[in-house]
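Worksheet: one structure, shown below.
What follows draws every value from the coordinates through simple rules; no lab data is involved. All values reported here derive from a predicted model rather than from experimental measurement. Because the Cβ atoms are built from the backbone with ideal geometry, glycine has one as well, and the counts that use them run over all protein chains shown.
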Amino acid sequence: MDKYVVFGNPISHSKSPLIHGLLAEQTDQKIEYTYIEADVNGFTKAVLEFRKNGGKGCNVTSPFKDEAYNLADHKTEGALLAEAANTLIFNDDGTISAETTDGAGFLLDLKNNNAPLTNKRILLIGAGGAARGVIKPLLDTKPELLSICNRTVSKAEQLAQRFTEFGNINAVSAADLEKLTQPYDLIINSTSASLHGELPPVPVNIFNKCEFVYDMAYSNEPTIFINWAKEQGVKQAIDGLGMLVGQAAESFEIWRNVKTNIPPILDAVRKTL
Ligand code: NDP
């Protein structure tokens, strides 16, 4: 049976084994998918050992996405732009290919939920690894403007600079947002603030006339950011579980070369939260 794993630290909470088990059942693929908690200094060794033991590929999550990217011999355009990888493919010739499926999974979830994208104004809060992975896919939908706002403003500025050739993108500070005159149609929280029960430092007026909010974090209850947005009258606010299932499905399709159907998997995973 072909073997896959997800590497992370910590990782025992991961939903990936469950999701990949459901994807395998749905597509009638005979695979084994588990998790490995690699030592924080032992990622490369753990990956190579897994491959030696017959592994076909792996997912990679925090804090190893940068190392996974560096380990690979071949990198897709998405991985090169994100400078990170969440999916490794062990090729028959002994090389390793890196891909990042976070952006594709995220876009799929936005589209499944009819989020406003093309010709719309988008605000992306956060400038970490998750933000890096979704900027190019967001710009590919041709928004009117993609603004990035981050607690550490310089990181937002660097990202805006780096992706400027792909569309209309700028960096904004919280002070800029206070003076906002044109509303955003879609606001995305890609910070890890929700995981700590905190709100990112952005002014409440960003929600004026905004109809769609996405928080990449997820839990069994609406996140603090989603609750805040709804209190301000935002009609649609969704969490990142669909993105999680979407990126898993993208990895699975790359490894197994089969099509998957996400909605029933998402329903099943939601019930386990
Ligand atoms: P990183 O550590 O790379 O980046 C964290 C980001 O959050 C930075 O922009 C950081 O700002 C900001 N931040 C952290 N704490 C706060 C706070 N208290 N207030 C304001 N900003 C804060 O993490 P990732 O980008 O990898 O992950 C971010 C989030 O996205 C997490 O919640 C993660 O679970 C989620 N995620 C979800 C996925 C999914 O499939 N649903 C996939 C990947 C990530 P600064 O630069 O100033 O430090």
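Structural remarks
- Cα centroid separation, the range 151-223 to the range 74-120 (Å): 21 Å
- Antiparallel DSSP beta bridges within the chain, percent to nearest 5: 15 percent
- For the range 103-239, the number of Lys pairs with C-alpha atoms closer than 22 Å, counting only pairs eight or more positions apart or on separate chains, is 19.
- Both radii were evaluated on the Cα set of the chain; the Rg over Rh quotient, with Rh as the Kirkwood radius, amounts to 0.97.
- Taken about its Cα centre, the chain carries a charge dipole of about 300 debye when Lys and Arg each add +1 at the Cβ and Asp and Glu each add -1 at the Cβ.
- Comparing Ala79, Gln247, Val234 along the charge dipole axis of the chain, the residue lying farthest to the positive side is Val234, per the Cβ-charge model.
- Reachable lysines, given that their alpha-carbon falls under 29 Å from the alpha-carbon of Lys30 and they are not under 8 places away in the same chain: Lys3, Lys15, Lys45, Lys52, Lys56, Lys65, Lys75, Lys259, Lys271
- Choice from Gly246, Gly57, Gly94 with maximal GNM fluctuation in the chain (Cα, 10 Å cutoff): Gly94
- Here the 3J(HN,Hα) profile of the range 117-134, calculated from phi with Karplus coefficients 6.51, -1.76 and 1.60 at θ = phi - 60°, is 10, 4, 6, 9, 9, 10, 10, 10, 9, x, 9, x, x, 5, 4, 3, x, 9 Hz, Gly and Pro shown as x.
- Rel. contact order, % - alpha carbon contacts under 8 angstrom, at least six apart, the range 6-70: 48 percent
- Mean separation of Cα contacts under 8 Å (6+ apart) over length of the chain, as relative contact order %: 16 percent
- Between Val47, Val213, Val153, the GNM of the chain built on Cα springs shorter than 10 angstrom shows Val153 fluctuating the most.
- Among the trypsin sites (Lys or Arg not before Pro) within the range 171-273, those in coil by DSSP and having at most 14 neighbouring Cβ atoms inside 10 Å are Lys179, Lys209, Lys235, Lys259, Lys271.
- Legend: translational diffusion of the range 130-228 by Stokes-Einstein, Rh = Kirkwood radius over C-alpha pairs, 25 °C, 0.890 mPa s; D = 174 µm²/s.
- Under a Gaussian network description of the chain, with springs only between Cα atoms under 10 Å, the residue in Asp140, Asp92, Asp66 that fluctuates furthest is Asp92.
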